[in-house]
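In what follows, a single structure is set out as structure tokens and then discussed.
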Amino acid sequence: MSDMDLVRIGKADDLQEGEIRRVSVPGYEPLALCRSGGRLHLFADMCSHGMASLSEGEVADGQVFCPFHGGGFDVATGMPTERPCTIPINVYALVERDGDVLVAGKM
Ligand code: FES
């Protein structure tokens with residue numbers, strides 16, 4: 001992957017543990033960036049169960065919980081962890097460089 005493929009999405013220290021925010025990146029679906037377990041994670045903002053924005057949900061124990069019906073996903077893998085969610089969400093690779101966070105594409 002060349003540096004041309006990396007898109008800066010913010011500063012690494014902007015997010016505290018358990019925080020989540022929506023991120024818009026040209027050419028990508030709406031994304032959600034969170035910090036969990038000390039690490040940043042980037043994944044689809046849209047819940048796979050309905051039209052809910054996961055960035056309006058809660059992050060805890062390595063999972064993001066949907067604000068609509070409380071379904072959950074693993075923030076690192078996108079796999080569903082709590083019903084009613086059964087379909088994985090996309091997760092994206094991140095690079096941290098000189099304090100910046102860059103998205104490096106879908107995992
Ligand atoms: S819309 Fe997310 S759990 Fe139902």
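Go through the stretch 39-52 and report how many residues are surrounded by fewer than 16 Cβ atoms within 10 Å (Cβ to Cβ) and under 15 Å from Q63 (Cβ atoms). Please lay out each step first, then the result.
Start the filter on the stretch 39-52 by keeping residues that are surrounded by fewer than 16 Cβ atoms within 10 Å (Cβ to Cβ), which leaves 39, 50-51.
If we keep only those that are under 15 Å from Q63 (Cβ atoms) as well, we get 39.
The total comes to 1.
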With criteria (1) within 16 Å of the ligand (Cβ to nearest atom); (2) not hydroxyl-bearing (S, T, Y); (3) not in a loop (DSSP other than H, G, I, E, B), L94 comes up short on (1)
Does the stretch 29-47 contain any residue that is out of contact with any helix residue (DSSP H, G or I) (no Cβ under 9 Å at 6 or more places or on another chain), at pLDDT 95 or above, within 9 Å of the ligand (Cβ to nearest atom) and part of a loop (DSSP other than H, G, I, E, B)? no
Near pairs, Cβ below 7 angstrom, 6+ apart or cross-chain, from the stretch 38-61 (under 18 Å from R83 (Cβ atoms)) to any residue that is within 12 Å of the ligand (Cβ to nearest atom) and of a type in the set (A, V, I, L, M): C47/L54; S48/I87; S48/I89; L54/V64; G57/V64
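Can you find, within the stretch 48-70, the residue that is nearest to V91 (Cα to Cα) among those that are aliphatic (A, V, I, L, M) and assigned to a strand (DSSP E or B)? It would help to see each step written out before you state the result.
Of all residues in the stretch 48-70, those aliphatic (A, V, I, L, M) come to 51-52, 54, 59-60, 64.
Cutting the leftovers down to assigned to a strand (DSSP E or B) gives us 59-60, 64.
Details: V59: 15, A60: 17, V64: 12 Å.
Across the stretch 48-70, the extreme among qualifying residues is V64.
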For the stretch 53-70, which residues satisfy the criterion of being surrounded by 20 or more Cβ atoms within 10 Å (Cβ to Cβ), of a type in the set (A, V, I, L, M) and under 13 Å from G18 (Cβ atoms)? V59, V64
For the stretch 82-91, indicate whether the set of residues that are free of Cβ contacts under 8 Å to residues at least 60 places away in the same chain, within 11 Å of the ligand (Cβ to nearest atom), outside any loop (DSSP other than H, G, I, E, B) and under 22 Å from G10 (Cα atoms) is non-empty. no
Unmet requirement for F73, which otherwise passes all of (1) open to solvent by less than 30 Å² (accessible area, probe 1.4 Å); (2) assigned to a loop (DSSP other than H, G, I, E, B): (2)
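So which residues in the stretch 64-81 are within 22 Å of G38 (Cβ to Cβ), within 12 Å of the ligand (Cβ to nearest atom) and under 13 Å from the mean Cα position of the chain (by Cα)? Even if it seems obvious, please write down each step before you answer.
Of the stretch 64-81, the ones within 22 Å of G38 (Cβ to Cβ) are 64-65, 72-79, 81.
Next, only the ones that are within 12 Å of the ligand (Cβ to nearest atom) stay: 64-65, 72-73, 81.
Scanning the stretch 64-81 gives V64, F65, G72, F73.
The values are calculated or read from the model by the stated rules, or taken from the named source; none is laboratory data. This one's a predicted model, so the numbers in the text were calculated from it and none came from an experiment. Using ideal geometry, Cβ is built from the backbone for each residue, glycine included, and neighbour counts are taken over all protein chains shown. Heads up: the accessible areas ignore ligands, DNA and RNA and are worked out on the full protein's heavy atoms, side chains in. Shrake-Rupley method; radii C 1.70, N 1.55, O 1.52, S 1.80 Å.
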